[in-house]
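Scroll down for the structure; my scribbles are underneath it.
Computed from the coordinates by the stated procedures, all read-outs in this text should not be read as laboratory data. Note that the coordinates shown come from a computational prediction; the quantities given were computed from them, not determined experimentally. Heads up, the Cβs are rebuilt from the backbone with ideal geometry, glycines too, and the neighbour counts pull from every protein chain shown.
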Amino acid sequence: MSEKMRWLFFITRRIAKGLLVVLIATVANFALIHLAPGDPAMVLAGEAGASDPQFIEQLHREFGLDRPFAQQLLIYVEQVASGNLGYSYRQQTGVAELILDRLPATLALTASGYLLALILGLSFGYVAATTRLRPVGEAITVIATLLYATPIFLTGLAGVLVFSVWLGWLPAFGSTSVGADLGGVEYAADYARHLLLPTLTLGLFYVAVYARLTRAGMLIVKDADFIKTARCKGLSPRRIHVAHMLRNALLPIITLAGIQAGQIVGGAVLVETIFAWPGIGRLAFDALLQRDYNVLLGVFLVSSIVVVIFNIVTDIAYTLIDPRIELLA
Amino acid sequence: MRRRELFFAGMAAAAAGLWPRSEAKAQPQKGGRLHAIVQPEPSLLVLGLNLQSATQMVAGKIYQGLLTYDARLRPQPALATAWTISEDGLTYTFLLNRNVRWHDGQPFTADDVVFATTKFLPSTHPVARNNFSRVTTVEAPDPHVVVFRLAEPFSPFIMAFATGSAPMLPKHIYDGTDYRTNAANATPIGTGPFKFKQWKKGQYIQLTRNEDYWKPRQPYLDDIFFHVIPDASSRALALEDKTIDLASFSDIEPADVPRLRKRPYLEVTSRGYEYFSPLSWIEINHRVAPLGDKRFRQALMLALDRQFIADRIFFGQAKPAVGPISSTMRFFDARLPAYPYDPTRAETLLDSMGLTRDAAGRRATIKLLALPYGETWTRVAEYIRQALQKVGISIVLETVDAGAWAQRVANWEFELTLDFTYQLGDPAIGVSRTYISSNIRKGVLFSNTMGYRNSKIDELFAQAAIVSADHERAALYSQIQNILVDEVPVAWLVELQFPTIFNIHVHDLIVSSTGVNDSFDEAYRDAI
């Protein structure tokens, strides 16, 4: 089989498998959600502080909950297969529209947090593994552990308290200055200012994981034979660190990064909640509490697709980093 | 002649906006924005289709009712400038303001009132459906006169016209359509001082000044922004950060209130909730032994230190409750005997029931379904567990989310749970629903979910709704309160005093008994 054919074969097989996974996930999600006690009409009644049988019945009919479970499932799967994510009766909007509306904010937050964690984590891990100054290495380890051990809501609120309430440098919540009517560059700058605290809160949490993985991965091969060989060849320490040690440490990092990237659409519910960031994580969380089934299923569906895609990408990345790994569908 | 003259005539309306307010220290300024918190994010802004508390706050600026109610729950003119109630209590005549236009420019007339109260609201709104079910005919003899005829007298009928319980809706937009799916629901059209501008889902809702508002020179504010901030701690910080001017209801956890109270630029008030008068209690399922025994329920009352709950859990944002009617409501009987905190007497009662302590010191084990409405309620549940343990009642806490809570309570699948409800201006509207046996309806929240039955109580409530003289009603409600306090159908805990916290630069936010849910047409802020 030619190299090209192998790739094609690999990708097709994986996509087919992925579709199956998405279908199974959809059915499982649907069943799980409908198994949870409580229904959307009752939640609305609870929030209204008033209710009567007619009110509940009306909503049930509107939400399609008066039909048998199997029929509801069938209708949903058919709908999704034809590319329609359904309608949120609670919000009186199409689910696809709701998700697309929230997607940019979530991607901006998770992607920048993710990049921050990767870059800082790799750098810290690298420095900690290669520095000759023991205190520096230890300081990095301690700080990283501390960041990882601190609950995310604490870091976030402390950030708001210091930078928004005391210093007044950064906005405390939201994604834009409301009612400022900014355009172009000013708008981007305003958005970035709002993005800074949430990104730091989210990113710093994961820095520790990457830093420790990198450091451990590099140290484990420090005395390996191929490193000694490289030294004997007269390579510069920097080249040994980067090309031989760091590259070796990358595999577990890719594994973790792949898993994390799959969660990029799921968003970061906690961070989005603390900073009132208008992302998908919050949309899903609210939908869960409100039993807004279609929205929740829609978010699950989109994130399961993203997970499948990133799994394929991760597998490809393995083969690029480590030629010993082969593509097997 | 016993005729309740309630004519305010055109005078009051003409003077609208110039009413002297004791708190108004300066001449209102035009301009400026108000940044408020809305929590949770409403699902829809059309009042009448959605009754969520959050919807009422935002949409209360867009829509209006015929009347508003002052802090002592007396009706005041709004879209109706004057009204009369016939001597037999069967005919209510409203005179409408002539200068009112919908936000799309169409005139507001008696046809809209007839449409809202006979068609729209009865098909969508549980509270209005109940109130207007007593009406036989609604007629518009003139474009600005509406006459309601009742089948039998219903004294609190005059309390049924608040924005939240009977919002006026535009006939020209909704008549003959499916109300819930009408495309116009995305851009609500009302008569209020503020118009819908935009809604960034998950972020904020913007309302803007209605230049064509029927009160001259009002409103004062240019825009109102309702921000969605899902985290309670972040909401408190946003007030301290001064990016938010106003928080209300349960936006702020009581534990944070003392801290905010100390900020010189913030003011805290508990006024503006008289219409709601939220009362909390332990809901008791009488079908489960030994909860059906009156002595057990009295023991619950005696075993709990309500002052402690008010002071230590609600940080003073609550007041011990005595009985079924809040002390802020009309017809509250101030001479009611209050249950003291007396664990010893509670134990004596439990002993008299034959519920003696076993080897582990337990008399009974009961499940308590916690109320999933924030940390404070979790603490209340934990306190109850502690307090009841002292008298030998072992409590198993069950925690669920709001959806599951609502379903379990409505379907009677609980032993004890916590709950609070609004009293809606009159005991006949907001109180009787909890205790009368005709309201034992499975699957319906805020009904008589305890399964409490007392034909004397049914009869007294029915009578109190019909007689029209206040002193006669007071006497009947006094009897009701005495019986209920003795029988303890639910164990009342505290009257909630929601804190409204606002920046000192905004004024006249709270001018009625519906407080922040009112129109804000008098609110203004200092020039910056």
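Points to keep in mind about this one:
- Expressed as a fraction of 2.2 N^0.38 Å, the C-alpha radius of gyration for the range A:73-206 is 1.44.
- Per principal axis, descending, Cα span of the range B:64-188 in whole Å: 43, 32, 29
- Average silhouette area of the range B:279-496, convex hull of alpha-carbon atoms, in square nanometres: 11.4 nm²
- Tail beyond 31 Å, pair distance distribution of chain B (Cα, percent): 48 percent
- The charge dipole of the range B:64-188, taken about its Cα centre with unit charges on the Cβ atoms of Lys, Arg (+1), Asp and Glu (-1) only, comes to about 280 debye.
- A dipole drawn for chain B from +1 and -1 charges on Cβ atoms has a positive end, and of B:V444, B:W281, B:W199 the residue lying farthest that way is B:W281.
- Comparing A:A216, A:A284, A:A189 in a Gaussian network model of chain A where C-alpha atoms under 10 Å apart are linked, the largest mean-square fluctuation is found at A:A189.
- Counting only residues at least eight positions apart within a chain, or on another chain, the lysines with an alpha carbon under 24 Å from that of B:K367 are B:K294, B:K390, B:K442.
- Applied to the range B:348-362, the Karplus parametrisation 6.51 cos²θ - 1.76 cosθ + 1.60 on θ = phi - 60° returns per-residue 3J(HN,Hα) values of 4, 4, 5, 4, 5, 7, x, 8, 8, 6, 8, 4, 8, x, 9 Hz, with x for Gly and Pro.
- 3J(HN,Hα) along the range A:246-255: 5, 4, 5, 6, 6, 4, x, 5, 5, 4 Hz, from the Karplus curve 6.51 cos²θ - 1.76 cosθ + 1.60 with θ = phi - 60°, whole Hz, x for Gly and Pro.
- Projecting the Cα atoms of A:Q54, B:V400, A:L20 onto the dipole axis of the protein assembly as shown, where Lys and Arg carry +1 and Asp and Glu carry -1 at the beta carbon, places A:L20 farthest toward the positive end.
- Taking other Cβ atoms within 10 Å as a rough exposure proxy, A:M42, B:M450 sort from fewest to most as B:M450, A:M42.
- The charge dipole of chain A, taken about its Cα centre with unit charges on the Cβ of Lys, Arg, Asp and Glu (plus for the first two, minus for the last two), comes to roughly 2100 debye.
- Which of B:H172, A:H241 has the fewest Cβ neighbours within 10 Å, and the rest in rising order: B:H172, A:H241
- Per-residue Cβ neighbour counts within 10 Å put A:H60, B:H471 in the sequence B:H471, A:H60, beginning with the fewest.
- Dipole axis of the range B:64-188 (+1 Lys, Arg; -1 Asp, Glu on Cβ), positive-most option in B:P77, B:T137, B:P126: B:P126
- P(r) tail fraction, the range B:469-528 - alpha-carbon pairs more than 12 Å apart, %: 78 percent
- Here the Debye sum runs over all C-alpha atoms of chain A as equal scatterers in vacuum, and log10 of I(q)/I(0) at q = 0.10 Å⁻¹ comes out as -0.78.
- The range B:95-140 - Rg (one decimal) and Dmax (whole number), Cα, Å: 12.0, 33
- Nearest-20 debye value, chain B charge dipole, Cβ charges on Lys, Arg, Asp, Glu: 260 debye
- Report summary: the helix-based calculation at 222 nm, which adds -39500 (n - 2.57) for every DSSP H run with n ≥ 4 and divides by the residues of the protein assembly as shown, gives -13500 deg cm²/dmol.
- Quarter of Cα convex hull surface for the range B:405-488, i.e. mean projection, nm²: 5.5 nm²
- Ellipsoid equivalent to the protein assembly as shown - semi-axes via the Cα gyration tensor, in Å: 54, 33, 28
- Coil-residue GluC sites (Glu not before Pro) of the range B:383-442, DSSP, other Cβ within 10 Å capped at 16: B:E413
- Over the range A:242-329, the hull volume per residue, using the convex hull of the C-alpha atoms, is 109 Å³.
- Span from the the range B:82-160 Cα centroid across to the the range B:31-47 one, whole angstrom: 27 Å
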